[in-house]
Amino acid sequence: MHNCVHWEDAGVECLTEYGRVRLADGSVPTEGRVEIFYNNEWGTICDDHWQREDAEVICRQLGYSDVDEFYDHSYFGEGYGPIMQQMNCDGDEAHWQQCPYFGWNTPYCRHYEDVGVRCLSGIEGVVRLINGYSINSGRVEVYHLGEWGICDDYWSYEDAAVICRQLGYSGVDTYFNGVRFGQGSGPILGNISCNGTEWYWQGCYFDNWATSSCSHSQDAVLTCFTLEYPIEGSLRLENGFSVYSGRIEIYHYGEWGTVCDDDWEEDDAQVACRQLGYPTVDSYGGSANYGEGSGPIMLDDVRCDGSEYMLTQCRHNGWYQHDCEHGEDAWVNCQIPATYYPRLVAGNIWYEGRVEVWDGSRWERLCNENFYEDEASTVCKQIGFFDYEEIYYDDHFGIGNFPPSDVSFSCGSDDYELGNCFTYNVTFGDNCTTVAIRCKVSSTIAGIVIVCVLVAVLIGIGLVVAYRLSKEKRGRVRIQPIIAVISGADNPAGPPACQHN
């Protein structure tokens, strides 16, 4: 909601050093006074409410495996500079900036209250990125015999891809040799040589420790791609016994929330499964059978007719409008797809994305080998579209978290299912790039979307008002949730949502 044009777009220039953490005045690198870089100088944290969860996050951000001890009352001596009044972490955050905290330069604390921590060293072979400008960038270091270090004379894209994969990221953005993120000081591991398909660096060829001819001026550094973010209205299944079952959660305005089980029927579950890339629904229900969610309750009284492509195309009471508790969270078990059943993932709109196929037990990304017009047309027709519109190559929508398929397809112009096409072994294996497509939406489907919007505008207000009155008569209390921003995950895309007032 705005009254602006793009010449009013806002911008910001950030201090790349802000938020860096270090341990000062300890006897070993794993301990010391906790200091954070703020306003061009290093500051400290007041020990008011300093707890183990806060220390865990600090150690994790520094690349250590856990916290050993945490201290108050300037155990490692008094620091200088600004003082943060209070940090309040849950303990599972990746870096302190994700924690609630009170402001700097508090008049209620002095440096004799500075906090400290002793972190546990990592596990042999564990990888970390250190000293970068974000959590997914930095100097690459491997833990070895109590110290961190890595160096590489021939640091390549393939090597960087394995490191990013091991750290849980979806791919490589940039990689360098040099001192872009400072020089390391630990032992040197030289000449890692990966083919890019390994899941861990230990599976690559490498020289022994301390035998490389390189120095820390050649330390390997990189920036990884973070996991793909969902689009508005994306769905995910949480806490289920498989990838096709669980509590329904929907993404809206930067956060994930649940769906209330009021009026949660087979048509609603059918639409949810279709949006998630499954052919149909197997079973469905409510009462939080897959556990209670923790985010806001996004939707209540979802009313689909079963023809929609996305849950937000269905009628509902409006975002955050509900009279439910998390004990009423809806769930679904989707039907296990047939082998080679396709879906589109990570697109920017509901009819495009990376092609993934079900291999009988899991999803796999489809390589672009032997993938042309007939194959793209078959994928689109199998999942309910008119035809294909465009084919994208070179990992256009990323590679996601699933391995590449070991088969390619050869389809005819009259094929409507990949399972009916000829299959061949993929030549390039794990080195292949992932294919993505945009399907062609028929005029009928486009008309459904338009009608959906018009119907919602014409009768939505009346339905919601009538429903609210009936709820009030039942004496139930409407809950307005507190909003907390949660990062997204890799999900199949869906169509734009109708607006409901």
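The values are calculated or read from the model by the stated rules, or taken from the named source; none is laboratory data. All values reported here derive from a predicted model rather than from experimental measurement. Methodologically, a virtual Cβ is constructed for each residue, glycine included, from the backbone with ideal geometry; neighbour enumeration extends over all protein chains shown. Keep in mind that these areas ignore ligands, DNA and RNA; they rest on the heavy atoms of the full protein, side chains included. Shrake-Rupley method; radii C 1.70, N 1.55, O 1.52, S 1.80 Å.
Remarks
- Note on the stretch 375-398: among residues that are among the acidic types (Asp, Glu), outside any strand (DSSP E or B) and in contact with a strand residue (DSSP E or B) (Cβ under 8 Å, 6 or more places away or on another chain), the one that is surrounded by the fewest Cβ atoms within 10 Å (Cβ to Cβ) is Asp395.
- Subset tally (residues that are more than 17 Å from Thr423 (Cα to Cα), touching a Cys at 6+ places or on another chain (Cβ under 9 Å) and modelled with pLDDT under 90) for the stretch 359-383: 1
- Members of the stretch 299-327 found to be under 28 Å from Glu352 (Cβ atoms), open to solvent by less than 40 Å² (accessible area, probe 1.4 Å) and among the polar types (S, T, N, Q), listed by number: Thr312, Gln313
- Evaluation of Asp68 against (1) in a loop (DSSP other than H, G, I, E, B); (2) within 25 Å of Leu167 (Cα to Cα); (3) touching a residue at least 24 places away in the same chain (Cβ under 8 Å); (4) open to solvent by 20 Å² or more (accessible area, probe 1.4 Å) (one fails), failing number: (1)
- Residue that is nearest to the chain's Cα centre (by Cα) [pool: residues in the stretch 40-65 that are among the charged types (D, E, K, R) and open to solvent by 30 Å² or more (accessible area, probe 1.4 Å)]: Arg60
- Residue in the stretch 244-261 that is at pLDDT 90 or above, outside any strand (DSSP E or B) and closer than 29 Å to Ser283 by Cα present: yes
- Checking each residue in the stretch 209-238 for being part of a loop (DSSP other than H, G, I, E, B), modelled with pLDDT under 65 and not hydroxyl-bearing (Ser, Thr, Tyr) picks out Ala210, Cys214, Leu227, Glu228.
- Top-ranked residue in the stretch 239-298 [being free of Cβ contacts under 8 Å to residues at least 60 places away in the same chain and of a type in the set (A, V, I, L, M, F, W, C); ranked as surrounded by the fewest Cβ atoms within 10 Å (Cβ to Cβ)]: Phe241
- For first residues located in the stretch 123-149 and buried (at least 17 other Cβ atoms within 10 Å of the Cβ) and outside any loop (DSSP other than H, G, I, E, B), partners that are basic (Lys, Arg) and modelled with pLDDT of 70 or more and lie 6+ apart or on another chain with Cβ distances below 6 Å form the pairs Ile130/Arg139; Asn131/Arg139; Glu141/Arg128.
- Subset of the stretch 104-122 (residues that are at pLDDT 80 or above, out of contact with any Pro (no Cβ under 7 Å at 6 or more places or on another chain) and open to solvent by 10 Å² or more (accessible area, probe 1.4 Å)): Tyr108, Arg110, His111, Tyr112, Glu113, Arg118
- Selection within the stretch 71-83 - of a type outside the set (Phe, Trp, Tyr) and surrounded by fewer than 20 Cβ atoms within 10 Å (Cβ to Cβ): Asp72, His73, Ser74, Gly77, Glu78, Gly81, Pro82
- When the test is whether a residue is outside any loop (DSSP other than H, G, I, E, B) and either free of Cβ contacts under 8 Å to residues at least 24 places away in the same chain or not hydrophobic (A, V, I, L, M, F, W, C) (or both), Ser361 does not pass it.
- Residue among Asp301, Asp268, Asp305 that alone is at pLDDT 90 or above, among the charged types (D, E, K, R), part of a loop (DSSP other than H, G, I, E, B) and closer than 23 Å to Ile383 by Cα: Asp305
- Search result, residues across the stretch 348-363 that are within 21 Å of the chain's Cα centre (by Cα) and open to solvent by less than 10 Å² (accessible area, probe 1.4 Å): Glu352, Gly353, Arg354, Val355, Glu356, Val357, Trp363
- The set of residues in the stretch 399-424 being open to solvent by 20 Å² or more (accessible area, probe 1.4 Å) and at pLDDT 85 or above consists of Ser410, Gly412, Ser413, Asp414, Asp415, Tyr416, Glu417, Gly419, Asn420, Phe422, Thr423, Tyr424.
- Checking each residue in the stretch 150-181 for being of a type in the set (Ser, Thr, Tyr), open to solvent by 60 Å² or more (accessible area, probe 1.4 Å), modelled with pLDDT of 75 or more and not in a strand (DSSP E or B) picks out only Tyr157.
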